[in-house]
Amino acid sequence: MDNANTVSAEVDAAVIEALHEALESGELVLFVGGGISAAAGLPTWRQLVDLLVERVREQTSDEVAIAEVASLARSQRYSEALGAAEQALGPAEFNAFVEDALDDEGLDPPRIAIAIAALRDKLRAVLTTNLNHLLERAFGFEWDTMWRVTDEVAWRRRFILKLHGTLKEPHSWVFARERFLASIAPPDVRKSLTTVLSRCPVLFIGFGRADGNFDEMLTDIHALSGASPPPRFVIAPGSSLTPLRRKTLADMGFLLLPYDTPDGSHDRVLAILERTCAPRPRAITSRGRSILPPPIPDLELPPSSSPLGALYDLPPDSAPYDDTVTMTGALEASRRERVSAPPASPIEVFFSYSESNRELRDKLETHLTILKRKGVIRGWHDGEIGAGEERDTALAEHLETAKVILLLISADFLASDFCYDVEMQKAIERHERGEARVIPVILDACDWEGAPFGRLASLPRGGRPVTSWVNQSEAFTDIAKGIRKQVEQLTQNPS
């Protein structure tokens with residue numbers, strides 16, 4: 001990728017790896033824009049507004065109304081232009097025209113829609129601004145379709161939510177921004193959206209320069225996502241990411257994956273999805289340098305086939321996009337040669353927690369069983385103190401020698417003088433000296449960001465509290481994977 005608007009290969013690879021992890025978590029939410037419809041030959045929002053400008057000219061002699069719609073269209077204020085066109089044409093004429101212009105009957109779902117549908121077993125949900133039925137058809141109508149935000153959004157899985165309504169139900173259409181804001185204003189609706197957006201990683205795809213309200217929508221998403229949201233990714237044409245827009249999105253925490261469109265197509269999106277879904281090699285390298293720690297011997301899972309590979313052949317121009325080269329023979333040889341024996345000395349993992357969170361601590365410990373069985377780690381907490389041992393002495397000794405210290409954060413932990421003033425302070429001191437790695441594990445919602453450990457990367461990813469997950473096993477699995485990565489680094493680079 002040599003376009004000046006694209007990021008470096010190294011950063012690109014890191015973002016793709018983060019997106020791969022989000023997909024593998026089973027919590028990824030796709031936010032799909034109008035580019036999917038345009039790929040099938042339907043008009044973009046800009047083209048629809050241009051068509052409506054001509055329709056208004058044909059149907060009315062009101063020069064003021066014509067000028068208003070045309071001016072809003074030139075200013076790329078598409079939602080307002082649609083509202084003005086509806087006012088000028090009247091609801092019946094406007095609805096009939098829009099329904100006819102956006103009707104996807106007889107059109108095959110485009111390859112990008114099919115590629116998205118191929119991910120459905122790993123996705124939590126799909127949100128879209130499209131009115132048509134291309135996505136539902138690509139999904140084989142296997143997922144339920146909704147066009148109103150309800151409290152179900154917070155806990156349901158495998159659904160398509162059409163935020164702007166659905167084509168055959170004009171009363172459901174939400175074009176004007178004020179109508180959209182009104183539709184998400186009720187407290188229960190905002191709570192549902194906030195629950196999803198503050199817990200789940202989100203990938204935006206199918207948006208570009210022609211989406212006049214995309215930036216406003218991202219601002220709304222940002223406001224609903226809370227202070228420490230999970231990763232949010234944007235796949236967009238590099239030409240649409242002007243320097244100011246790029247900075248604005250980066251400042252809001254969005255991870256960008258720009259792509260080039262040298263032939264005017266968006267086929268390179270497929271290449272990005274293919275890279276995201278591809279089995280991970282032992283290490284992804286860029287410019288000869290690893291950006292991932294090597295795995296612990298014998299803890300790898302066998303790679304599976306890419307869910308996209310069987311659906312289409314990537315276009316030839318996607319090949320230069322891939323900055324990694326995998327030689328199958330060399331990769332297989334490395335698997336054959338890997339050592340099967342566990343590390344000579346298991347890494348001690350210290351659990352610092354409040355007694356009120358004992359049950360959650362036990363669940364976390366259960367999810368670390370595979371590492372314990374392999375002899376990679378040895379967990380320790382005050383429940384390990386034997387009869388006759390002096391509790392404070394045992395705690396101090398293990399807190400001083402543990403290589404990984406887990407701070408199990410809750411309001412009770414923060415309120416505990418011993419947890420906060422003794423264990424946590426000692427852990428931070430050892431972390432700053434490079435003697436141990438401290439990992440905050442957020443068990444319950446509390447005001448922890450201002451604490452001394454607030455600057456450290458927390459688990460689950462994004463600081464989403466364990467108790468807020470519908471399925472807590474998924475939260476503990478995410479935590480276990482994060483701990484495993486830290487232990488992998490210590491295993492390969494012992495101090």
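The values are calculated or read from the model by the stated rules, or taken from the named source; none is laboratory data. None of these values were measured; they are calculated from a predicted model. With ideal geometry, Cβ positions are generated from the backbone for all residues, glycine too; neighbour counts draw on all protein chains shown. To get the accessible areas, we keep the full protein, side chains included, count just its heavy atoms, and leave off ligands, DNA and RNA. Shrake-Rupley method; radii C 1.70, N 1.55, O 1.52, S 1.80 Å.
A few remarks follow.
- Condition check for residue 152: without any contact (Cβ under 8 Å) to a residue 24 or more places away in the chain, open to solvent by 10 Å² or more (accessible area, probe 1.4 Å) and among the charged types (D, E, K, R): no
- Residue that is least open to solvent (accessible area, probe 1.4 Å), among those in region 485-495 that are in a helix (DSSP H, G or I) and touching a strand residue (DSSP E or B) at 6+ places or on another chain (Cβ under 9 Å): 487
- Given (1) open to solvent by less than 30 Å² (accessible area, probe 1.4 Å); (2) not in a loop (DSSP other than H, G, I, E, B), index of the condition residue 131 fails: (2)
- Residue list for region 37-56, restricted to those being among the β-branched types (Val, Ile, Thr) and modelled with pLDDT of 85 or more: 49, 53, 56
- Identity of the residue in region 434-448, of a type in the set (Gly, Ala, Ser) and surrounded by fewer than 22 Cβ atoms within 10 Å (Cβ to Cβ), that ends up farthest from residue 228 (Cα to Cα): 434
- Only residues that are surrounded by fewer than 19 Cβ atoms within 10 Å (Cβ to Cβ) and in a helix (DSSP H, G or I) were counted across region 463-479, and they come to 6.
- Long-range neighbours under 7 Å by Cβ, at least six apart or interchain, first residue under 19 Å from residue 197 (Cβ atoms) within region 467-482, second assigned to a helix (DSSP H, G or I) and open to solvent by 30 Å² or more (accessible area, probe 1.4 Å): 468/199; 469/199; 478/461
- Within region 60-105, the set of residues being over 39 Å from the mean Cα position of the chain (by Cα) and under 12 Å from residue 50 (Cα atoms) comprises just one member, 66.
- Counting residues in region 395-409 that are surrounded by 15 or more Cβ atoms within 10 Å (Cβ to Cβ) and more than 36 Å from the chain's Cα centre (by Cα) gives one or more.
- Failed item, numbered, when residue 118 is tested on (1) open to solvent by 10 Å² or more (accessible area, probe 1.4 Å); (2) modelled with pLDDT under 90: (2)
- Residue within region 425-438 that is under 22 Å from residue 481 (Cα atoms) and assigned to a strand (DSSP E or B) present: yes
- Any hit, region 53-67, residues being in contact (Cβ under 8 Å) with a residue 24 or more places away in the chain and of a type in the set (Gly, Ala, Ser): no
- You will find that of 442, 405, the residue that is under 16 Å from residue 350 (Cβ atoms) and at pLDDT 85 or above is 405 and no other.
- Residue within region 450-458 that is open to solvent by less than 50 Å² (accessible area, probe 1.4 Å), over 24 Å from residue 377 (Cβ atoms) and either touching a residue at least 24 places away in the same chain (Cβ under 8 Å) or in a loop (DSSP other than H, G, I, E, B) (or both) present: yes
- Here residue 136 fulfils each of the conditions (1) at pLDDT 90 or above; (2) surrounded by fewer than 22 Cβ atoms within 10 Å (Cβ to Cβ); (3) under 33 Å from the mean Cα position of the chain (by Cα); (4) not aliphatic (A, V, I, L, M) apart from (2).
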